[in-house]
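Visitor: Sharing a structure with you now.
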Amino acid sequence: MTDTKLETKPLANNTSEADAAMELAEDSRQKQWSFPSFAAGLFNGKFGWNHISPFNKQTIEDKKIGDDFIEKIKEVLLKYIDPEKVDKTKKIPAKALDELRKIGCFGMKIPTEHGGLGLSNTNYTRAISFISSYCCSTAVLLSAHQSIGVPQPLKMYGTEEQKKKYFPRLAAGEMSAFALTEPGVGSDPAKMTTTAELSEDGNHYIINGTKLWCTNGPEAKIMIIMATTKPIIKNSKEIKQISAFIFESDTPGFFVDHRCEFMGLKGIINGVLRFENMKIPAENLISKEGDGLRIALATLNSGRLAIPVCSAAAGKMCLSFSQKWANERVQWGRKIGEHQAVSKILSNMTADTFAMHCISQLSTSLADNPQIDIRLEAAIAKYYCSELACKIADDCLQVKGGRGYETSESLRNRGETPDPIERIIRDLRINRIIEGSSEIMRLFIAREAVDKHFGLAMPFLKSKSAKDKFKAFLKLASFYSTWLPAKYMPRIRNYKTRYLNSENKSNLKFISRNARKLARSIFGSMIMYQVKLQDEQVLLGHYVDIGVKLYAMSAVLTVGDDLLANSQHKNELQNLIFEYCNKTKSEIRLHFILANKNKKIMKSKLKLSRDFLNGSLDMFIDQDILKQ
Ligand SMILES: Cc1cc2nc3c(=O)[nH]c(=O)nc-3n(C[C@H](O)[C@H](O)[C@H](O)COP(=O)(O)OP(=O)(O)OC[C@H]3O[C@@H](n4cnc5c(N)ncnc54)[C@H](O)[C@@H]3O)c2cc1C
């Protein structure tokens, strides 16, 4: 659960732009860990198996609500949406959106007392993933409306008046959007230039600026926008304030300058929005001035879960296309699925899709527990599943050969099964960029993962007076004198499971052992690099990937243990769990090796990258290419 307590802290005195950006992001981070986090435990050497096992699956009553709702969605989708046509005409039919409105699709996350369906996170993500398995553009429209659009920040930070005013309209189907990105502001919002100036009488804000790539923006009625308000002065330094506002699209001064088109997601409504002296009431400010970035980041923290569930749905689609084709296509006298090289692809695809299924199930079930902090779990699920899904879709294309590269329309026109793999690949690719790119997700996970160590080490490293340094040292020494030896101590613990066989149970010990090794390694790197550890992105990336994969194994083991209860194919399922864990254990071992050699590897890679950037290698690039 996200902690909605907000605190405003000044930015430290810093002159460089990069430092200022880091300070602003750091200041806007949700800092408290008011509730336990299973994933944070892994990075700190603690394997809290009891927190996730037995797997807390959806209750029968909640599942029934989800099942019934999905049936209604299915009816609308099949009747009113042809995904191929959406891709071609770049439009979701208005009638389809009206029908989705009627069954409550615009109010899935809005509480029932405000006219919404008040679905659990599990049912919301089930619905979105079901829609995405049919038409990604429609799923993105609905998810941008309520995962990141106005309903989510309003739910977390809105006043009762704001909720009463906007929730019923949003639930009834007035589309919403989230406007953060600007032409000069992507991953780093510190350079935001859109301004919101408070009028002299304090009754209005005047908004000026441009927002880029706002999904739903060109047609949304009610939107949330992040803009800079009057800076505050602290210790004679000017401190930038980013604030969040609700605005309505019929406000004078609001313009849609351009509708953007992309490689995939052809049906989404996305554009460049311009604000010219747009005057909005002061009560449209969400929370208070200076809280905007924190609100945006917290919205993204909880909104991110839609991406892993959609990734898992895409993986399942790809598996079903590959299964059919690998069983029927015969080449060189054998079904292609029986050639060893294809079998290897199929087995990895199956194991990875199973992992995405388990990660999504575990992460959304944790999100339904208000006593658990899921910011790391959501980020891990988003990062890992969006990467895996792209790989799986690419593997599916390879298995289908030329037919994987051909459009579904062309396949249909010449009488073949129109599996839309080419479209799925185009639609999926953006998930590695939006709502936090993979690189930024890794940095986010790393920052949260080292939070405990940074929290203890920073006062020691940064304190100026000898007295403060000594005090911080005592605190540091007292913590690490017990923490560190515990990370070396072997654990003799019998983890409780219900159906996992002994081979799979032994994977639990691997997770516990390697979580402690990970914590020791992070600690060792902290000692070695101190404050500069934050610049070691590749080293931290290895640590993040180890933690992410330990989390994925945990998800596979707990959800797998639960699935075994009612499975007709217990041996096969045990083998699937074993295969995923086996493959992932090798990857984890490799990350440890690469982390150890990182300094040497990166020295040479950084040199090559610099040589490339400064043009020293243009001699081979410039040859025989037509520059545009
Ligand atoms: C289809 C689509 C829909 C979108 N919808 C919305 C929306 O509804 N609302 C909204 O506000 N925005 C939206 N966006 C914007 C999206 O969130 C941004 O594209 C994203 O934040 C990345 O910003 P950027 O593209 O400017 O990349 P940049 O930030 O310029 O990054 C370029 C590359 O550099 C990497 N990089 C950047 N900084 C670092 C760093 N510190 N360390 C390592 N690597 C780094 C990035 O990972 C990326 O690979 C949308 C974009 C698209 C394409």
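Visitor: Within the set of pairs 6 or more residues apart or between chains, which connect a residue that is assigned by TED's automatic domain parsing to the domain that holds I421 inside the stretch 130-159 to a residue that is surrounded by fewer than 24 Cβ atoms within 10 Å (Cβ to Cβ) and modelled with pLDDT of 95 or more with Cβ atoms less than 6 Å apart?
Guide: Note: no pairs meet the criteria.
Each row is one residue, and each column tells you yes or no for (1) away from the ligand (no atom under 16 Å from the Cβ); (2) within 22 Å of the chain's Cα centre (by Cα); (3) open to solvent by 30 Å² or more (accessible area, probe 1.4 Å); (4) farther than 27 Å from R520 by Cα.
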| site | (1), (2), (3), (4) |
| --- | --- |
| L539 | no, yes, no, no |
| I546 | yes, yes, no, no |
| Y551 | yes, yes, no, no |
| A555 | yes, yes, no, no |
| G560 | yes, no, no, yes |
| A565 | yes, no, yes, yes |
| H569 | yes, no, yes, yes |
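Visitor: Consider the stretch 195-223. How many of its residues are away from the ligand (no atom under 11 Å from the Cβ), closer than 23 Å to Q162 by Cβ and in a loop (DSSP other than H, G, I, E, B)?
Guide: Qualifying residue count for the region: 6.
Visitor: Among the residues in the stretch 155-162, are any away from the ligand (no atom under 16 Å from the Cβ), surrounded by 19 or more Cβ atoms within 10 Å (Cβ to Cβ) and not basic (K, R)?
Guide: yes
Visitor: Can I ask one more? With respect to S320, determine if the residue is among the small types (G, A, S), closer than 23 Å to S408 by Cα and surrounded by fewer than 20 Cβ atoms within 10 Å (Cβ to Cβ).
Guide: In short, yes.
Here is a yes/no grid of residues against (1) at pLDDT 95 or above; (2) crowded, with 18+ Cβ neighbours inside 10 Å; (3) over 17 Å from A40 (Cβ atoms); (4) aromatic (F, W, Y):
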residue: R493; (1), (2), (3), (4): no, no, yes, no
residue: L500; (1), (2), (3), (4): yes, yes, yes, no
residue: N514; (1), (2), (3), (4): yes, yes, no, no
residue: R520; (1), (2), (3), (4): no, no, no, no
residue: S525; (1), (2), (3), (4): no, yes, yes, no
residue: Y529; (1), (2), (3), (4): no, no, yes, yes
residue: K532; (1), (2), (3), (4): no, no, yes, no
residue: D535; (1), (2), (3), (4): no, no, yes, no
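Visitor: Does G267 satisfy being buried (at least 23 other Cβ atoms within 10 Å of the Cβ), under 27 Å from I206 (Cβ atoms), touching a residue at least 24 places away in the same chain (Cβ under 8 Å) and within 16 Å of the ligand (Cβ to nearest atom)?
Guide: For G267, the condition - buried (at least 23 other Cβ atoms within 10 Å of the Cβ), under 27 Å from I206 (Cβ atoms), touching a residue at least 24 places away in the same chain (Cβ under 8 Å) and within 16 Å of the ligand (Cβ to nearest atom) - is not met.
Visitor: Right, something else. Output the residue which, of all residues in the stretch 173-192 that are more than 10 Å from the ligand (Cβ to nearest atom) and at pLDDT below 95, is most open to solvent (accessible area, probe 1.4 Å).
Guide: Of everything passing the filter in the stretch 173-192, K191 is most open to solvent (accessible area, probe 1.4 Å).
Visitor: Considering only residues that are of a type in the set (G, A, S) and open to solvent by less than 10 Å² (accessible area, probe 1.4 Å), which ones fall in the stretch 213-240?
Guide: Of everything in the stretch 213-240, those that are of a type in the set (G, A, S) and open to solvent by less than 10 Å² (accessible area, probe 1.4 Å) turn out to be G217, A220, A227.
Visitor: For S133, only one of the following conditions fails: (1) in a helix (DSSP H, G or I); (2) polar (S, T, N, Q); (3) within 16 Å of the ligand (Cβ to nearest atom). What is its number?
Guide: (3)
Visitor: All but one of (1) outside any loop (DSSP other than H, G, I, E, B); (2) open to solvent by 10 Å² or more (accessible area, probe 1.4 Å); (3) in contact with a strand residue (DSSP E or B) (Cβ under 8 Å, 6 or more places away or on another chain); (4) within 14 Å of the ligand (Cβ to nearest atom) hold for R274, so report the exception by its number.
Guide: Against the list (1) outside any loop (DSSP other than H, G, I, E, B); (2) open to solvent by 10 Å² or more (accessible area, probe 1.4 Å); (3) in contact with a strand residue (DSSP E or B) (Cβ under 8 Å, 6 or more places away or on another chain); (4) within 14 Å of the ligand (Cβ to nearest atom), R274 comes up short only on (4).
Visitor: How about the stretch 232-271: which of its residues are in contact with a Phe, Trp or Tyr (Cβ under 9 Å, 6 or more places away or on another chain) and in a strand (DSSP E or B)?
Guide: Hits for the stretch 232-271 are S243, A244, F245, I246, F247, E248, F254, F255, N270, G271.
Visitor: Please pick out the residue among E587, E572 that is closer than 30 Å to Q361 by Cβ and without any contact (Cβ under 8 Å) to a residue 24 or more places away in the chain.
Guide: Within the list E587, E572, the selection yields E572.
Visitor: For a quick check of your reading of the model, give me the residue pairs whose first member lies in the stretch 421-444 and is under 16 Å from V548 (Cα atoms) and among the hydrophobic types (A, V, I, L, M, F, W, C), whose second is within 10 Å of the ligand (Cβ to nearest atom) and in a loop (DSSP other than H, G, I, E, B), with beta-carbon atoms closer than 8 Å and at least 6 apart or on different chains.
Guide: Qualifying pairs under 8 Å: I440/S187; F444/G436.
Visitor: Mind listing whichever residues of the stretch 430-441 are more than 8 Å from the ligand (Cβ to nearest atom) and open to solvent by 50 Å² or more (accessible area, probe 1.4 Å)?
Guide: Across the stretch 430-441, the qualifying residue is only R432.
Visitor: Are there any pairs, at least 6 apart or on different chains, whose C-beta atoms fall under 7 Å, with the first in the stretch 547-558 and at pLDDT 95 or above and the second outside any helix (DSSP H, G or I) and surrounded by fewer than 24 Cβ atoms within 10 Å (Cβ to Cβ), and if so, which?
Guide: L557/L500; T558/S53; T558/F55
Visitor: What about L319, is it among the hydrophobic types (A, V, I, L, M, F, W, C), outside the structural domain of P151 (by TED's automatic domain parsing) and more than 16 Å from the ligand (Cβ to nearest atom)?
Guide: So L319 fits the description; yes.
Visitor: Can you confirm whether I295 is open to solvent by less than 10 Å² (accessible area, probe 1.4 Å), modelled with pLDDT of 95 or more, aliphatic (A, V, I, L, M) and under 30 Å from S129 (Cβ atoms)?
Guide: When the stated conditions are applied, I295 does not pass them.
Visitor: Hey, could you check the stretch 385-400 for residues that are over 16 Å from N301 (Cβ atoms) and in contact with a Lys or Arg (Cβ under 8 Å, 6 or more places away or on another chain) and say which is least open to solvent (accessible area, probe 1.4 Å)?
Guide: C390
Visitor: A further question follows. Any residue in the stretch 14-34 that is charged (D, E, K, R), at pLDDT below 95 and closer than 30 Å to R423 by Cβ?
Guide: The answer is no, given that none of the residues of the stretch 14-34 is charged (D, E, K, R), at pLDDT below 95 and closer than 30 Å to R423 by Cβ.
Visitor: Output the number of the condition that N123 fails; it satisfies all remaining conditions of (1) polar (S, T, N, Q); (2) away from the ligand (no atom under 16 Å from the Cβ); (3) open to solvent by 10 Å² or more (accessible area, probe 1.4 Å).
Guide: Going through the list (1) polar (S, T, N, Q); (2) away from the ligand (no atom under 16 Å from the Cβ); (3) open to solvent by 10 Å² or more (accessible area, probe 1.4 Å), N123 breaks only (3).
Visitor: Looking only at the stretch 382-422, which residues are part of a helix (DSSP H, G or I), among the acidic types (D, E) and within 29 Å of the chain's Cα centre (by Cα)?
Guide: E387, D394, D395, E422, listed by residue number.
Visitor: Give the residue, chosen from E161, E174, that is in a helix (DSSP H, G or I) and within 22 Å of S249 (Cα to Cα).
Guide: Only one candidate passes the filter, namely E161.
The values are calculated or read from the model by the stated rules, or taken from the named source; none is laboratory data. Since we're looking at a predicted model, the values are computed, not measured. Neighbour counts are summed over all protein chains in view; Cβ atoms, including those assigned to glycine, are modelled from backbone coordinates with ideal geometry. Surface accessibility is based on the protein's heavy atoms, side chains included, excluding ligands, DNA and RNA. Shrake-Rupley method; radii C 1.70, N 1.55, O 1.52, S 1.80 Å.
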